[in-house]
Amino acid sequence: MKNNLLTSLFGRHKQQIKPDASKSSICFEDISVLIVDDSRTQLYALEKILNSVGINTITAENGKQGILMARHKKPDLILMDIVMPEINGFQATRYLTRQPDTGHIPIIIISGSSQGSDKVWGIKLGARDFMQKPVDKKELLDKIEHWLTEKSLAATDSSPEQSYVQAV
């Protein structure tokens, strides 16, 4: 009935349809992921997983490089180690999530530590998720898809057209 009233007053009413988050709405070939880890072995392993499904990767070997690469390349998502030289993953995460140009980029912390406090601290500093090393390929890809879908939905929800439709 509301749609009929809107149509009679304003013409055709656009319905907002959100994508079904349970279906894959992400084309991995169109995204880039920044991997920040001081271990070349881990960088290689994560790159191999991501490249196997078409994800473009960018790498950094410490938190300082990670910050610079994130600000310069603007990846769709960041995988962040914790223990690194110069600037650790917690510091880099806190910095990136508080900047206007990088605050929207989801960060998943990937740590070799099994301490629950690392997960809590990482989330408190702005990371969206946490995984333990060694990572499971399916779990990693599921988390990447989840956070990119969330990011996409958040961008859709904040569009000017969406705000107008909600106001009407």
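Scanning the range 93-138 for residues being more than 15 Å from the chain's Cα centre (by Cα) and touching a residue at least 40 places away in the same chain (Cβ under 8 Å) gives a total of 4.
Consider GLN42 carefully, then state whether it is out of contact with any helix residue (DSSP H, G or I) (no Cβ under 8 Å at 6 or more places or on another chain) and farther than 20 Å from LYS138 by Cβ. Answer is no for this residue. Restricting attention to the range 45-90 and to residues that are polar (S, T, N, Q) and touching a helix residue (DSSP H, G or I) at 6+ places or on another chain (Cβ under 6 Å), the residue that is farthest from VAL135 (Cα to Cα) turns out to be ASN88. The set of residues in the range 52-80 that are surrounded by 16 or more Cβ atoms within 10 Å (Cβ to Cβ) and part of a loop (DSSP other than H, G, I, E, B) comprises ILE55, GLU61, ASN62, PRO75, ASP76.
Restricting the search to the range 86-137, which residues are of a type in the set (D, E, K, R), under 15 Å from ALA70 (Cα atoms) and part of a loop (DSSP other than H, G, I, E, B)? So that I can check it myself, show each step before the final result.
Our first condition is that a residue be of a type in the set (D, E, K, R); within the range 86-137, this holds for 86, 94, 98, 101, 118-119, 124, 128-129, 133, 136-137.
So of that shortlist, the ones also under 15 Å from ALA70 (Cα atoms) come out as 94, 98, 101.
Answer for the range 86-137, where residues must be of a type in the set (D, E, K, R), under 15 Å from ALA70 (Cα atoms) and part of a loop (DSSP other than H, G, I, E, B): ARG98, ASP101.
Would you mind stating whether ALA127 is of a type in the set (Gly, Ala, Ser), at pLDDT 90 or above and within 26 Å of CYS27 (Cβ to Cβ)? Yes: the conditions hold for ALA127.
For the range 39-49, which residues satisfy the criterion of being in contact (Cβ under 8 Å) with a residue 24 or more places away in the chain and in a helix (DSSP H, G or I)?
Step one: list which residues in the range 39-49 are in contact (Cβ under 8 Å) with a residue 24 or more places away in the chain, which gives 39, 42, 45-46, 49.
Those that are in contact (Cβ under 8 Å) with a residue 24 or more places away in the chain and in a helix (DSSP H, G or I): GLN42, ALA45, LEU46, ILE49.
Would the range 139-160 turn up any residue that is crowded, with 16+ Cβ neighbours inside 10 Å, part of a loop (DSSP other than H, G, I, E, B) and at pLDDT 95 or above? No, the conditions are met nowhere in the range 139-160. Applying the criterion of being modelled with pLDDT of 95 or more and assigned to a loop (DSSP other than H, G, I, E, B) to the residues of the range 18-38, the residue that is farthest from ASN56 (Cα to Cα) is ASP38.
The values are calculated or read from the model by the stated rules, or taken from the named source; none is laboratory data. All values reported here derive from a predicted model rather than from experimental measurement. Cβ coordinates were reconstructed from backbone atoms using ideal geometry, including for glycine residues, and neighbour counts include every protein chain displayed.
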